[in-house]
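*Asks:* My questions will all concern the structure given below.
Please treat every number below as a calculation from the coordinates, not as lab data. Remember, it's a predicted structure, so these values are computed and weren't measured experimentally. Here the Cβ positions follow ideal geometry from the backbone for every residue, glycine too, while neighbour counts run over all protein chains shown.
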Amino acid sequence: MSQKINAAIAAIVLVSAFAAPVAAGTVEDAVDAHARGDYAKALRLIRPLANDGDAAAQYNLALMYLIGRGVQQDYTAAAIWFRKAAEQGYALAQSNLGTLYRDGRGVPENDAEAVVWFRKAADQGDPVAQFLLGGQYATGQGVARDYAEASLWFQKAAEQGHPSARIHLGVMYAKGDGVPQDYVRAHMWFSLAAAQGEQRAVKFLEMTERRMTPAQITDAQKLARDWKPATQPPPR
């Protein structure tokens, strides 16, 4: 079981959802155009605002370069625009900039720098950044390996509904890494992830149940049914 569970510490993908700003306006019009597949119009609306320092526009322009929609794919340009938004405190840009540093795309690979940006976004309550930061602590990349710290960040993301964080936290409870070994808690987190459609969680559930008594399984199922999500302000 241990070898299979270790495989749950997996690579993370970029946060690539085109995001609308809080306030309505031209950036929102650009987001609407992007959603309709009119990337040329989205670019025409976004670029002047990004040049004027609008963080939401800078973030969305970075995504266009990252994905290659409306412009030629260019990780270096994506990193430049993510940084501009990230330096204004835009959490989603911070998460993406950190991922570029982690993977060495558009910037030199630098796990320590990735951790800096993940932490900035995680401290704002971004569940993706919390998950990513937990992954750095779990693998010892850019920071000293610290399972207790990893479990703390996975917990924060899991409580906000991040499915992969729930799997990773379940793994830590199953193995006793950073938290006391607790198959009941592991089962609960795997159940919650499985309910979100995570097939990996279903496999972990099956493996965990082989090590549990029927009473423990019943307790875990009740915990999953009674679980209530944590609420945090949405990150910028």
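*Asks:* Using the Kirkwood formula on the Cα atoms of the chain, what hydrodynamic radius do you get, in angstrom to one decimal?
*Replies:* One decimal place: 18.7 Å for the Kirkwood radius.
*Asks:* Something else: Give me the percent relative contact order of the chain, please, defined on Cα pairs under 8 angstrom at least 6 residues apart.
*Replies:* Taking the mean separation of contacting Cα pairs over the length of the chain, I get 13 percent.
*Asks:* Exposure proxy check: 126, 74 ranked by fewest other beta carbons within 10 Å?
*Replies:* Ascending number of Cβ neighbours within 10 Å: 74, 126.
*Asks:* Please compute the modelled spin-label separation between residue 212 and residue 74, points set 7 Å along Cα→Cβ, answer in nm with one decimal.
*Replies:* In this crude spin-label approximation the distance works out to 5.2 nm.
*Asks:* Same structure, new question: Okay, helix-only estimate at 222 nm for the chain: each DSSP H run of n ≥ 4 adds -39500 (n - 2.57), divide by all residues, round to 500 deg cm²/dmol; what do you get?
*Replies:* -20000 deg cm²/dmol
*Asks:* Helix 111-122 versus the longest principal axis of the chain: what is the Cα-based angle in degrees, 0 to 90, to the nearest 10?
*Replies:* 90
*Asks:* Placing +1 at every Lys and Arg Cβ and -1 at every Asp and Glu Cβ, with all other atoms neutral, what dipole size does the chain have around its Cα centre, in debye to the nearest 20?
*Replies:* Value, rounded to 20: 440 debye.
*Asks:* Within region 75-152, report the trypsin sites (Lys or Arg not before Pro) that DSSP leaves as loop and that have at most 14 other Cβ atoms within 10 Å.
*Replies:* Answer in residue order: 145.
*Asks:* With r defined as the distance between the Cβ atoms of residue 228 and residue 182 and R0 fixed at 30 Å, what FRET efficiency is calculated, to the nearest 0.05?
*Replies:* Once rounded, the FRET efficiency stands at 0.95.
*Asks:* Here's a follow-up. Going by how many other beta carbons lie within 10 Å of each one, how would you line up 131, 190, fewest first?
*Replies:* Lowest count first: 131, 190.
*Asks:* Where does each of 41, 222 land when they are ranked from fewest to most other beta-carbon atoms within 10 angstrom?
*Replies:* 222, 41
*Asks:* Compute the helix-to-body angle for 26-35: its Cα long axis versus the longest principal axis of the chain, expressed 0 to 90° and rounded to tens.
*Replies:* That helix lies at roughly 60 degrees to the long axis.
*Asks:* Explain nothing, just the number: relative contact order of region 65-194, from Cα pairs under 8 Å at least 6 residues apart, as a whole percent.
*Replies:* Dividing the mean separation by the residue count of region 65-194 yields 14 percent.
*Asks:* Name the residue from 202, 132, 161 whose Cα lies farthest towards the positive end of the charge dipole of the chain, charges +1 on Cβ of Lys and Arg and -1 on Cβ of Asp and Glu.
*Replies:* Value computed over the given set: 202.
*Asks:* What is the Cα centroid distance between region 157-236 and region 97-128, reported in whole angstrom?
*Replies:* 26
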